[in-house]
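Trainee: The structure that follows is given in the form of structure tokens.
The values are calculated or read from the model by the stated rules, or taken from the named source; none is laboratory data. Bear in mind that the values here come from a model prediction, so they are computed numbers and not experimental data. Ideal geometry is used to build each Cβ from the backbone, glycine not excepted, and the neighbour counts take in all protein chains shown. The area values use the complete protein model at the heavy-atom level, side chains included, leaving out ligands, DNA and RNA. Shrake-Rupley method; radii C 1.70, N 1.55, O 1.52, S 1.80 Å.
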Amino acid sequence: MATAARQTSIAPNDLEAYWMGFTANRAFKKAPRLIARAKDMHYFTTDGRKLIDGTAGLWCCNAGHNREPIVAAIQRQAAELDYAPAFQCAHPQAFELANRISALAPADLDHVFFCNSGSEAVDTALKVALAYHAVRGEASRTRLIGRERGYHGVGFGGISVGGIVANRKMFGTLLAGVDHLPATYDRANQAFTKGEPEFGAHFADELERIVALHDASTIAAVIVEPMAGSTGVLPAPKGYLQRLRQICDKHGILLIFDEVITGFGRLGFPFAAERYGVVPDIMTFAKGVTSGTVPMGGVVVRKPIYEAFMRGPEHVVEFCHGYTYSAHPLACAAGLATLDLYRREKLFERAYQLEPKFADAAMGLKGLPNVLDIRTVGLTAGIDLASQPDGVGKRAYAAMERAFHDEEIMIRVTGETIALTPPLIVSEDEIGEIFDKVAKVIRAVA
Ligand SMILES: Cc1ncc(COP(=O)(O)O)c(C=O)c1O
């Protein structure tokens with residue numbers, strides 16, 4: 001089509017042009033799940049149905065949807081300052097938000113680097129780790145250790161340390177020099193546990209084996225999620241993170257917690273690091289920092305790490321990394337308003353207090369057809385279903401469709417696991433409603 005004609009033509013509003021991420025495009029486009037608006041605990045579809053949100057969007061809308069103070073802050077900011085250069089320039093809210101986040105983070109996790117997503121946060125964290133060793137004269141420390149069943153976003157760094165085969169197998173050899181800890185899940189010894197399983201701290205000892213294989217002098221960092229979310233809600237076994245911390249300390253290896261999901265109240269604390277009493281060297285965040293309203297991610301580092309970079313001539317850039325939209329004004333405004341709201345409504349404490357009720361309600365699904373395991377931690381539950389004989393993932397996929405189209409609830413499925421992670425404003429009645437609906441869905445796909 002000629003350019004002039006293209007400019008005046010009306011584009012068809014069909015579903016083909018949009019290639020959707022992490023979505024079965026053909027199945028979706030046959031029976032679309034289209035959302036028009038949202039408020040508090042609910043989504044409203046384009047055909048006017050009201051769905052309870054069992055997933056806080058994608059584990060991100062922790063304050064609930066379209067909360068007035070956050071909406072107003074974004075609107076005000078858009079009218080005041082649309083954008084300021086992120087390099088060699090800044091705007092005051094960026095510093096204010098960095099201060100607020102470092103005050104929430106434990107110990108001397110005092111310096112915040114902003115980006116726009118969890119994937120960027122992970123790649124930033126890995127680059128900080130490599131560069132930190134380099135600036136200290138330990139440039140041989142280049143290996144990065146992830147974990148099987150880990151999810152760290154979709155950047156090349158993130159998929160390299162990640163442990164999900166489908167996310168890795170199409171993309172070549174990825175980063176060199178990466179190794180993986182084993183996953184911490186063992187159904188035979190952990191099934192139907194509320195909170196952190198008693199069994200499994202020893203999985204951390206595998207790090208000693210990896211160190212023995214490669215030598216500590218080649219290893220820069222270990223990255224783990226305190227609770228693996230995307231591969232089905234796998235809480236860290238009791239003592240596991242403490243043991244990882246000890247082994248990392250012994251060998252001078254940096255410990256990175258990927259808190260993209262666990263940050264901002266999901267486990268009843270500002271960060272999971274606090275729940276477990278383990279201070280990582282570097283921590284990522286995203287999602288809940290703006291309650292999903294404006295894209296934002298970031299990395300928090302301990303004081304000595306930041307200080308290691310603050311050397312040399314003062315006019316020279318210390319860390320050659322950053323994004324055009326790092327600390328975007330709209331994201332900062334949304335972040336500040338979101339943190340205010342979390343504090344005002346005590347939402348992290350609320351998640352902590354609701355955890356036993358949520359866990360009991362989740363375990364109420366035990367005994368339903370095909371339920372193989374249920375795991376809970378904070379306001380999060382994972383429910384494993386048995387696969388149908390004709391294909392892995394088919395039953396959970398059918399459950400998601402059934403939930404959306406027939407039971408008026410938004411659930412998330414990953415593999416054969418239903419993951420439930422409602423906004424932290426969820427009421428006790430709504431917890432009951434969510435699990436009643438999920439029970440109906442599980443029966444329907446039996
Ligand atoms: C632990 C973890 N890290 C990183 C990411 C990637 O975040 P994003 O999708 O914002 O890039 C996710 C997303 O779910 C995540 O759960």
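Trainee: Is it fair to say Pro304 is out of contact with any Lys or Arg (no Cβ under 7 Å at 6 or more places or on another chain), more than 16 Å from the ligand (Cβ to nearest atom) and not polar (S, T, N, Q)?
Mentor: Spelling it out, Pro304 is indeed out of contact with any Lys or Arg (no Cβ under 7 Å at 6 or more places or on another chain), more than 16 Å from the ligand (Cβ to nearest atom) and not polar (S, T, N, Q).
Trainee: Is it true that Asp205 is of a type in the set (Asp, Glu), part of a helix (DSSP H, G or I) and more than 23 Å from the chain's Cα centre (by Cα)?
Mentor: Taking the combined requirement at face value, the residue satisfies it.
Trainee: Being modelled with pLDDT of 95 or more and within 16 Å of the ligand (Cβ to nearest atom) is true for just one of Pro197, Pro235. Which residue is that?
Mentor: Only one candidate qualifies: Pro235.
Trainee: Right, Cys115: within 16 Å of the ligand (Cβ to nearest atom) and either over 16 Å from the mean Cα position of the chain (by Cα) or within 30 Å of His315 (Cβ to Cβ) (or both) or not? Reasoning before the result, please.
Mentor: Details: within 16 Å of the ligand (Cβ to nearest atom): yes; either over 16 Å from the mean Cα position of the chain (by Cα) or within 30 Å of His315 (Cβ to Cβ) (or both): yes.
So Cys115 fits the description; yes.
Trainee: Next up: Of the conditions (1) more than 16 Å from the ligand (Cβ to nearest atom); (2) polar (S, T, N, Q); (3) at positive phi, Ser291 clears all except one; give me its number.
Mentor: (1)
Trainee: Does the range 259-288 hold any residues that are more than 15 Å from the ligand (Cβ to nearest atom) and in contact with a Pro (Cβ under 7 Å, 6 or more places away or on another chain), and which are they?
Mentor: Glu274, Tyr276, Val279
Trainee: Being more than 13 Å from the ligand (Cβ to nearest atom), more than 19 Å from Arg168 (Cβ to Cβ) and β-branched (Val, Ile, Thr) is the filter here, so list the residues in the range 124-156 that pass it.
Mentor: Passing the criteria: Val128, Val135, Thr142.
Residues are listed down the side, and each one gets a yes or a no for (1) closer than 27 Å to Tyr342 by Cα; (2) assigned to a loop (DSSP other than H, G, I, E, B):
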| site | (1), (2) |
| --- | --- |
| Leu379 | yes, yes |
| Tyr397 | no, no |
| Asp429 | yes, no |
| Gly432 | yes, no |
| Asp436 | no, no |
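Trainee: Quickly run through the range 401-415 and pick out the residues that are out of contact with any Leu (no Cβ under 8 Å at 6 or more places or on another chain) and surrounded by fewer than 21 Cβ atoms within 10 Å (Cβ to Cβ).
Mentor: Glu401, Arg402, His405, Asp406, Glu407, Thr414, Gly415
Trainee: Suppose the filter is touching a Lys or Arg at 6+ places or on another chain (Cβ under 9 Å) and either modelled with pLDDT of 95 or more or open to solvent by 20 Å² or more (accessible area, probe 1.4 Å) (or both); does Ile418 pass it?
Mentor: Values: touching a Lys or Arg at 6+ places or on another chain (Cβ under 9 Å): yes; either modelled with pLDDT of 95 or more or open to solvent by 20 Å² or more (accessible area, probe 1.4 Å) (or both): yes.
Judged against the criteria, Ile418 is a match.
Trainee: Follow-up question, since we're still on this one. Being under 22 Å from Leu267 (Cα atoms) and among the aliphatic types (A, V, I, L, M) is the requirement here; does Ala131 meet it?
Mentor: Judged against the criteria, Ala131 is not a match.
Trainee: Now for a different question. Does at least one position in the range 422-437 carry a residue that is over 25 Å from Cys60 (Cβ atoms) and either among the basic types (Lys, Arg) or open to solvent by less than 30 Å² (accessible area, probe 1.4 Å) (or both)?
Mentor: Looking for residues that are over 25 Å from Cys60 (Cβ atoms) and either among the basic types (Lys, Arg) or open to solvent by less than 30 Å² (accessible area, probe 1.4 Å) (or both), one finds none in the range 422-437, hence no.
Trainee: Which pairs do you get when a residue that is surrounded by fewer than 24 Cβ atoms within 10 Å (Cβ to Cβ), found in the range 379-400, comes within reach of a residue that is among the hydrophobic types (A, V, I, L, M, F, W, C) and at pLDDT below 95, reach meaning Cβ atoms under 7 angstrom, with the pair 6+ apart or on two chains?
Mentor: Filtered contacts from the range 379-400: no entries.
Trainee: Is at least one residue of the range 363-376 assigned to a helix (DSSP H, G or I) and either under 19 Å from the mean Cα position of the chain (by Cα) or in contact (Cβ under 8 Å) with a residue 40 or more places away in the chain (or both)? Explain how you work it out, then say what you get.
Mentor: Filtering the range 363-376 for residues assigned to a helix (DSSP H, G or I) gives 363.
Those still in the list that are either under 19 Å from the mean Cα position of the chain (by Cα) or in contact (Cβ under 8 Å) with a residue 40 or more places away in the chain (or both) too: 363.
Yes; the residues of the range 363-376 include at least one that is assigned to a helix (DSSP H, G or I) and either under 19 Å from the mean Cα position of the chain (by Cα) or in contact (Cβ under 8 Å) with a residue 40 or more places away in the chain (or both).
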